[in-house]
1. Rounded to the nearest 20 Debye, what is the dipole magnitude of segment 18-147 about its Cα centre when Lys and Arg each give +1 and Asp and Glu each give -1 at the C-beta?
2. Mind checking which of 69, 117, 268 is farthest towards the positive end of the chain's charge dipole, using Cβ charges of +1 (Lys, Arg) and -1 (Asp, Glu) about the Cα centre?
3. Given an 8 Å cut-off on Cα distances and at least 6 residues of separation, report the relative contact order of segment 136-273 as a percent.
4. Could you rank the peptides 264-272, 20-28 by their average count of other C-beta atoms within 10 Å per residue, with the highest value first?
5. Out of the DSSP beta bridges found with both residues in the chain, what percent are antiparallel (nearest 5)?
6. Net charge near residue 6: determine it from the other residues with C-beta under 12 Å of the C-beta of residue 6, scoring Lys and Arg +1 and Asp and Glu -1.
7. Where a Cα-Cα gap under 21 Å defines reach, which lysines qualify for residue 272, not counting those fewer than 8 residues away within the same chain?
8. At 222 nm, what helix-only mean residue ellipticity would the chain give, in deg cm²/dmol to the nearest 500, using -39500 (n - 2.57) for each DSSP H run of four or more?
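Only the coordinates and a few stated rules stand behind these numbers; no lab work does. Values in this document were obtained by computation on a predicted structure and should not be read as measured data. Here the Cβ positions follow ideal geometry from the backbone for every residue, glycine too, while neighbour counts run over all protein chains shown.
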Amino acid sequence: MSLFRCPICGAVLTREERSYRCGKNHCYDIAKEGYTHLLPVQQKHSQNPGDDKAMVRSRRAFLSKDYYAPLRRQLEQLALRYTPAEGAVLDSGCGEGYYTAAISRALTEGGIPHRLAAVDISKEAVRLTAKNLQQGECAVASVYHLPIMDGSIDFLLNCFSPLAIDEFRRVVKQGGHFAYVVPAAEHLWQMKEVLYDEPYPNEVKRTPYEGFRYVDVLEVRDTITLDNPEDIFALFQMTPYSWKTPAEGVARLKSLATLTTDIAFHIHLFEKE
């Protein structure tokens, strides 16, 4: 049975050879890469919502070199710990699928049968996720209107993506968990020193959410060295800094041949009450 539900009527979707279909005969084609489109026009705020092709490709180019391996390994361990046999995993705001594929691979290699779904509002991101995912379901969809059945998810990942807490409360089953990944205060500090005359640390806070209890806040830290301008600029393009950095800061960054910078993440882990 699919984890997806119909975005029009809310009924469970059944996966056929080339489409998904619900009991009311709403039908959604499956693209050749293996993803489907579950984003009704009324949930679109632009013609091509989400990250554009350049940003998605920059993220893929950077992450494929495993610079963020410490975070990847920690998320794999959390998925292994909190996904029961025959459990269900959701990557909400999956991007190009680096962490999605890693978690699925870790569960498979760990001998844990599972179902997995990944959604993102960016068509280009979901297309790449579907191409890289050996098993699972992928859909273009809004995280604020998740096309996921109520109470069906054991482990939900939200990594640098919008926090749709009402939807998470709806889809995570009682006793299930969700991991919320945000940058720690000093994340990419040395890159910010290049970009800005007066860099400032990221805000760090703990926010409780109704219906969930805090389990832990895990910290992941490392220092990475990017040894070519292409990787440096790919990192820049996949961050929000690419939208708001003054031209002189971008020029300084482009002049670098290498960059050594701290990476730092907080993983807020919650359990559904």
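1. My answer is approximately 220 debye.
2. Comparing the listed Cα positions along the dipole, 117 ranks first.
3. 33
4. Top of the packing list down: 264-272, 20-28.
5. 55
6. So the surrounding residues net to +3.
7. 173, 205
8. -8500 deg cm²/dmol
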